[in-house]
Amino acid sequence: MIEFRHLRTLCELHETGSLAAAAERLHLTQSALSHQLKSLETHYGLPLFVRKSRPLRLSPAGERLLELARQVLPELHRADQDLQRLAEGRSGRLYAVIECHSCYEWLLPVLDDYRRDWPEVEMDLPGSVSFEALTALREGRVDVVVTSDPVEDEALVQIPFARFEVLLAMAPDHPLAEKPHVLPSDLASETVITYPVASERLDVFQRFLRPAGVEPAAWRTSELTLMILVLVKSGRGVSALPAWALEAAAADGLVAARPLGEGGLHSTLYLATRAGEQRQAYVAAFIEAVKRRAEAVFGAYAEC
């Protein structure tokens with residue numbers, strides 16, 4: 001049967017034009033090389049080269065194997081190199097999902113820097129799984145998830161990297177802006193604006209309103225933080241957003257921001273990956289890059 005060594009031999013015979021030169025390149029004796037070729041010729045009942053030709057000339061059967069060698073050997077070499085890079089942690093796949101809508105602005109520079117530092121890692125942001133990200137992670141469809149909704153799952157590792165406060169944004173002249181903090185009952189008559197996420201995954205519903213038995217008068221959604229702030233500023237509703245997402249708008253007087261409850265409402269961001277994969281060099285580098293960026297951006301928010 002055709003083996004890898006046969007294909008290499010045919011290439012060397014074609015390039016050198018002699019058994020002696022090919023044997024030297026392959027670090028074989030001429031006798032060993034002749035025996036290798038003879039066994040293959042016997043198997044197929046066909047000569048691989050024209051005897052007594054100078055330089056050595058391949059037969060039609062030899063030309064066919066040379067064609068195969070030219071197709072297969074480069075692929076084998078690339079596969080060998082890829083496996084070596086994988087073994088050394090220099091290559092792999094990193095599909096990242098960011099469940100936190102307001103994180104995109106500060107995380108995108110991390111992704112750009114990572115692509116520059118790890119050019120051999122295939123990286124993508126598959127947005128189609130944004131709302132089932134941890135399931136996709138468990139199934140191997142994505143590799144890293146930025147989330148504030150950890151789950152109990154031994155198959156996953158969920159690494160906290162930033163703790164932050166969720167504040168209520170409102171128009172500067174909104175009556176709630178006169179209060180030091182907002183109570184659940186204050187939102188019973190309000191339109192709450194959120195990202196397009198199920199209410200079961202929103203802290204303002206699950207950890208603030210519903211434990212108090214309160215539902216807002218209305219609920220609307222927007223995918224963009226900027227659009228949410230425009231709606232809030234124009235008095236179309238109020239919105240619970242991370243403190244860092246409100247900092248600039250509040251400083252410019254475009255919106256007012258108040259704590260949710262007397263002690264405030266706090267949440268934590270996690271980097272989730274499959275158990276064991278967090279130790280792979282290119283995954284560990286991504287995790288550290290996100291942590292450094294969070295500390296630089298959030299300052300006091302990055303308490304984890």
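Matching residues to (1) in a loop (DSSP other than H, G, I, E, B); (2) touching a Cys at 6+ places or on another chain (Cβ under 9 Å); (3) of a type outside the set (S, T, N, Q); (4) under 27 Å from residue 136 (Cβ atoms):
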site: 231; (1), (2), (3), (4): no, no, yes, no
site: 249; (1), (2), (3), (4): no, no, yes, no
site: 259; (1), (2), (3), (4): no, no, yes, no
site: 267; (1), (2), (3), (4): no, no, no, yes
site: 273; (1), (2), (3), (4): no, no, no, yes
site: 289; (1), (2), (3), (4): no, no, yes, yes
site: 298; (1), (2), (3), (4): no, no, yes, yes
Next on the checklist: Pairs needed: first member in segment 3-15, within 10 Å of residue 26 (Cβ to Cβ); second member anywhere, open to solvent by 90 Å² or more (accessible area, probe 1.4 Å) and part of a helix (DSSP H, G or I); C-beta distance under 7 Å; at least 6 residues apart or different chains.
Outcome noted: 12/25
Next on the checklist: Against the condition buried (at least 19 other Cβ atoms within 10 Å of the Cβ), touching a Phe, Trp or Tyr at 6+ places or on another chain (Cβ under 6 Å) and within 26 Å of residue 106 (Cα to Cα), how does residue 260 come out, does it pass?
Outcome noted: yes
Checklist entry - If residue 171 passes every condition in (1) closer than 25 Å to residue 132 by Cβ; (2) modelled with pLDDT of 95 or more but one, which one does it miss? => result (1)
Checklist entry - Which one is nearest to residue 195 (Cα to Cα), of the residues in segment 134-147 that are open to solvent by less than 50 Å² (accessible area, probe 1.4 Å) and out of contact with any Pro (no Cβ under 9 Å at 6 or more places or on another chain)? => result 147
Item to check | Count of residues meeting criterion [within 16 Å of residue 1 (Cα to Cα), part of a loop (DSSP other than H, G, I, E, B) and open to solvent by less than 70 Å² (accessible area, probe 1.4 Å)] in segment 22-46 | outcome: 1
Checklist entry - Counting only residues that are touching a residue at least 60 places away in the same chain (Cβ under 8 Å) and open to solvent by 30 Å² or more (accessible area, probe 1.4 Å), which one in segment 234-247 is nearest to residue 100 (Cα to Cα)? => result 244
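Please find, within segment 210-229, the residue that is nearest to residue 101 (Cα to Cα) out of those that are assigned to a helix (DSSP H, G or I) and touching a Ser or Thr at 6+ places or on another chain (Cβ under 9 Å). Spell out the reasoning first.
Filtering segment 210-229 down to residues assigned to a helix (DSSP H, G or I) leaves 210-212, 225-229.
Those still in the list that are touching a Ser or Thr at 6+ places or on another chain (Cβ under 9 Å) too: 210, 212, 225, 228-229.
Working: 210: 23, 212: 26, 225: 8, 228: 12, 229: 14 Å.
In this case the residue turns out to be 225.
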Item to check | Options 192, 146: the member that is of a type outside the set (S, T, N, Q) and either modelled with pLDDT under 95 or out of contact with any Ser or Thr (no Cβ under 9 Å at 6 or more places or on another chain) (or both) | outcome: 146
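Taking segment 162-197 as the search range and keeping residues that are hydroxyl-bearing (Ser, Thr, Tyr) and over 20 Å from residue 244 (Cβ atoms), which one is surrounded by the fewest Cβ atoms within 10 Å (Cβ to Cβ)? Lay out the reasoning, then the answer.
Taking segment 162-197 first, the residues hydroxyl-bearing (Ser, Thr, Tyr) are 185, 189, 191, 194-195.
So of that shortlist, the ones also over 20 Å from residue 244 (Cβ atoms) come out as 185, 189, 191.
Details: 185: 11, 189: 9, 191: 17.
Only one residue tops the list, namely 189.
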Next on the checklist: Of everything in segment 100-151, what is under 14 Å from the mean Cα position of the chain (by Cα), within 23 Å of residue 224 (Cβ to Cβ) and aromatic (Phe, Trp, Tyr)? Give them in sequence order.
Outcome noted: 104
Checklist entry - Just one of 65, 94 is outside any helix (DSSP H, G or I) and modelled with pLDDT of 85 or more; which is it? => result 94
Checklist entry - Looking at 294, 250, 281, which one is modelled with pLDDT of 90 or more and open to solvent by less than 50 Å² (accessible area, probe 1.4 Å)? => result 250
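The values are calculated or read from the model by the stated rules, or taken from the named source; none is laboratory data. Everything numeric in this text was worked out from a predicted model, so none of it was measured. Don't worry about glycine lacking a Cβ; one is built from the backbone with ideal geometry, like all the others, and counts go over all protein chains shown. Accessible surface is based on the protein model in full, side chains and every heavy atom, while ligands, DNA and RNA are left aside. Shrake-Rupley method; radii C 1.70, N 1.55, O 1.52, S 1.80 Å.
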